[in-house]
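Reading through the structure tokens given below for one structure.
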Amino acid sequence: MLEPEYSGAATAARKSTPESAPDPRPVNTGVYTPTPLHILGRFDWYAATVAADPMELAAVLATRLEAEAIPQRGQHGYTSAFHFVSAGSVVCRMLFGGPNGHPNVWASGDDTEPLVALLRDRYGDQHVVTRADVALDFDAPGAWDALYGITTGIVDDHALRQSQAGDWRTLRDGRTYYAGSRKSAVFARLYEKGKQLRGLLPPGAAADGISLDLVRLEIQVRPDGDLRRFAAHAEPVALFGAAEWARDLLSRVADLDVERVHIKARRSSDRERALRFMVHQYGDHLEALAAELGGWDALGAELLSLRGSILRVGRER
């Protein structure tokens, strides 16, 4: 049975499936046995805007990450930057200064979790997430074929865009499959992580411990508006709720249900905007009329009667 790697304690529940029922997912075979509650996956990229003084934030990052802050040239509208270097590697990056406001920090790969822990501990309500990637790792014979089949099924069922990269001809260097548009708030990538890691080894280096069957399914989320605050406190698996198709994907590959989370701020309907305009423009008059007529129920009845009179006059014309 193909299982993702788990860690932590849970708030997302595995779907309950009777032990006698065959698992319908192509990723598994045989009988599905429910697993204790877990948090699934981990952050593999975490970028956040932090409401803090840049120099104070840089000092905290350097201390907590045991890194040296190396000044860099600013970019993306920021005038300044730091790379935080530990043991010769950049473990975190920070942009600050200029018209963008508060500093933005990010880390990726194995350096992500220390930054997440730091930000949530020290800057819990002072940081909002601008991008978060959640990785699920699977290591079993046939993992790629099973997960590729599920992911392409999601693409078909939800009419998503798709693309691919990597070595699809010889299969030696690993394949990558993308579900969804890279410009959208949510998209996923499936790739042969074991082959990627082996390809990064120096010539002649032993590949012991790096499985060729290791496959990673990753979802990238760019929250917007108030939902950035949700992402700043959410567990990794919860971000699969950022799109209905992503919820479906998680359900099929890991038998987990998460709540739907609207990452993009919902646009008000025409009716909502009209109602807001009416209340803004005529709120004082409506309140005075309600008091004069004896309450809001009476005002509602009066407006309904007036509406009927206007319609009758219109028909008579």
So which strands (runs of 3 or more DSSP E) are wholly in segment 76-157 and hold at least 1 residues that are touching a residue at least 40 places away in the same chain (Cβ under 8 Å) and out of contact with any helix residue (DSSP H, G or I) (no Cβ under 6 Å at 6 or more places or on another chain)?
-> 89-96, 104-108, 127-139
Determine whether segment 217-234 contains at least one residue that is more than 20 Å from Asp111 (Cα to Cα), buried (at least 20 other Cβ atoms within 10 Å of the Cβ) and not charged (D, E, K, R).
-> yes
How do the pairs read when you match residues in segment 167-182 that are more than 18 Å from Trp245 (Cβ to Cβ) with residues anywhere that are of a type in the set (A, V, I, L, M, F, W, C) and assigned to a strand (DSSP E or B), using Cβ under 9 Å and keeping only pairs 6 or more apart or on different chains?
-> Arg175/Ala165; Arg175/Leu190; Thr176/Ala165; Thr176/Leu190
In this structure, is Asp121 among the charged types (D, E, K, R), over 19 Å from the mean Cα position of the chain (by Cα), farther than 15 Å from Trp45 by Cα and not assigned by TED's automatic domain parsing to the domain that holds Glu192?
-> yes
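Yes/no matrix, rows are residues, columns are (1) assigned to a helix (DSSP H, G or I); (2) at pLDDT 90 or above:
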residue	(1), (2)
Phe230	yes, yes
Val237	yes, yes
Gly241	yes, yes
Leu250	yes, yes
Ile263	no, no
Arg266	no, no
Phe277	yes, no
Starting from segment 184-211, keep only residues that are more than 24 Å from Gly142 (Cα to Cα), then list their pairs with residues that are among the acidic types (Asp, Glu) whose Cβ atoms are within a distance under 7 Å, requiring at least 6 positions of separation or different chains.
-> Ala185/Asp224
Considering every residue within segment 184-203, establish whether at least one is within 23 Å of Arg120 (Cβ to Cβ) and either not assigned by TED's automatic domain parsing to the domain that holds Leu147 or not in a loop (DSSP other than H, G, I, E, B) (or both).
-> yes
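The values are calculated or read from the model by the stated rules, or taken from the named source; none is laboratory data. Note that the coordinates shown come from a computational prediction; the quantities given were computed from them, not determined experimentally. All Cβ positions, even for glycine, are placed from backbone atoms using ideal geometry, and neighbour counts span all protein chains on display.
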